[in-house]
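Just below is one structure, and these are the notes that go with it.
The values are calculated or read from the model by the stated rules, or taken from the named source; none is laboratory data. Model, not experiment: these values are computed from the prediction. All Cβ positions, glycine included, derive from the backbone under ideal geometry; neighbour counts span all protein chains shown.
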Amino acid sequence: MTVHRGAGPPDEYVEAEIQRMLTEDPDVAEQGITVVRRERALVLSGEVESPHRREEILRRVAERFPDVPITSDIGVIRTQAPTQVEELP
Amino acid sequence: MVIRIAAVGDVHLDEDVVGRFRPALEELPEHADALLLAGDLTRHGTESEARCVAQEFGGLGVPVVTVLGNHDHQCDQVPQVVRVLEDAGITVLEGNGVVLECAGGRLGIAGVKGFGGGFAGRCASDFGEPEMKSFVRTTTDSADRLAEALRSLDCDVLVALTHYSPVPDTLAGEPLEIYPFLGAYQLGQAIDSAPTALALHGHAHAGTERGTTPGGVRVRNVAHPVIKQAYSVFHLGDHLDQHQVSRIGSSGMERSWS
């Protein structure tokens, strides 16, 4: 978990704007990131396809909202071959 | 005889992801007769991203069949994306189907992207402003084309492939408020109008794997963030008398365990 602290409480409209930015910003284009407003920070969670994308999300959000404290819990999705199959009659 | 289907959706390829799936994909022909991709192959639907998809998922040694997702429409380059995928030998379905000759029989796959609208009792209606009517008609047109494609295929095992979900079951984990943007019951109705054995979809990154249509057809959400592996493998066949999970060993299938 990475915590970026800033001044002032997160605002509900900031939360909405971040959610939309994550989808609509062409450098991010992520619809699978959850933005949750907590008492001390805005928490970003979800999974992305590469470490680069995770870094880009944090960079863009911090750049656009420098005063909003952000907690990041974004993972990179595993790509290993399956070890089991599902049999369906 | 068994037909073995590998599937994944929402891989969102761009240059930064190329190569991540390939090691697992190299093993795929040992374990599956075909690979089905449930849309959102790219981030923005550009021709260059489609080339990344072609590089990663092309030349696998088994047929690869896909539908597009909403991300693949973002840059309005669908014809270019489709051409790049088809040049790589990937079959792109939208309101049509394909029948693959597999060792275990003929696998029929009908596909559409699908669209939103929501689920029975809590869905958008073809009423009011032109924008709302256009939204709902996009969904019903898509569902109608899926139904027609499913019923047109002559095969032993029939699979429906969509990006949007046909049922709410596999959305569990997503906020209820966004269900109407994740799928539509009309897709389920289309799936139930044909002897469909399995329905595969993606789009709902925070959803869950398993569900069934009101008509009893198994539905699987194979979005990559949901399955958390390069692809899932499903075995379909009449000989199986109960749901089972089997292990894939280094020398192939090991004994099933339920």
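Table for the structure above
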{"read-out": "Single match in B:P180, B:P195 (criterion: part of a helix (DSSP H, G or I), over 21 Å from A:E47 (Cα atoms), at pLDDT 95 or above and not basic (K, R))", "value": "B:P180"}
{"read-out": "The range B:204-230: number of residues that are at the interface with chain A (Cβ under 10 Å from one of its Cβ atoms) and either within 15 Å of A:E87 (Cα to Cα) or of a type in the set (A, V, I, L, M, F, W, C) (or both)", "value": "10"}
{"read-out": "Segments classed as strands (runs of 3 or more DSSP E), wholly inside the range A:27-89, with at least 1 members that are within 14 Å of the chain's Cα centre (by Cα)", "value": "A:34-37, A:42-48, A:70-76"}
{"read-out": "Single residue of the range B:27-44 satisfying the filter (at the interface with another protein chain (Cβ under 10 Å from one of its Cβ atoms) and in contact (Cβ under 8 Å) with a residue 12 or more places away in the chain) that is nearest to B:V99 (Cα to Cα)", "value": "B:A32"}
{"read-out": "Whichever residue in the range A:59-89 is more than 24 Å from B:H71 (Cα to Cα) and of a type in the set (V, I, T) and, among such residues, is farthest from the other protein chains (Cβ to nearest Cβ)", "value": "A:V68"}
{"read-out": "Residue ID - surrounded by the most Cβ atoms within 10 Å (Cβ to Cβ), chosen from residues in the range A:26-58 that are modelled with pLDDT of 90 or more and away from every other protein chain (no Cβ under 14 Å)", "value": "A:V43"}
{"read-out": "Residue within the range B:48-61 that is in contact (Cβ under 8 Å) with a residue 40 or more places away in the chain, closer than 25 Å to B:R145 by Cα and more than 10 Å from chain A (Cβ to nearest Cβ) present", "value": "no"}
{"read-out": "Looking only at the range B:16-42, and only at residues there that are assigned to a loop (DSSP other than H, G, I, E, B) and out of contact with any helix residue (DSSP H, G or I) (no Cβ under 6 Å at 6 or more places or on another chain), the one that is farthest from B:H235 (Cα to Cα)", "value": "B:V17"}
{"read-out": "Matching residues, the range A:30-86, being of a type in the set (A, V, I, L, M, F, W, C) and either without any contact (Cβ under 8 Å) to a residue 40 or more places away in the chain or touching a Cys at 6+ places or on another chain (Cβ under 7 Å) (or both)", "value": "A:V35, A:V36, A:A41, A:L42, A:V43, A:L44, A:V48, A:I57, A:V76, A:I77, A:A81, A:V85"}
{"read-out": "Subset of the range B:85-139 [without any contact (Cβ under 8 Å) to a residue 24 or more places away in the chain and in a strand (DSSP E or B)]", "value": "B:E101"}
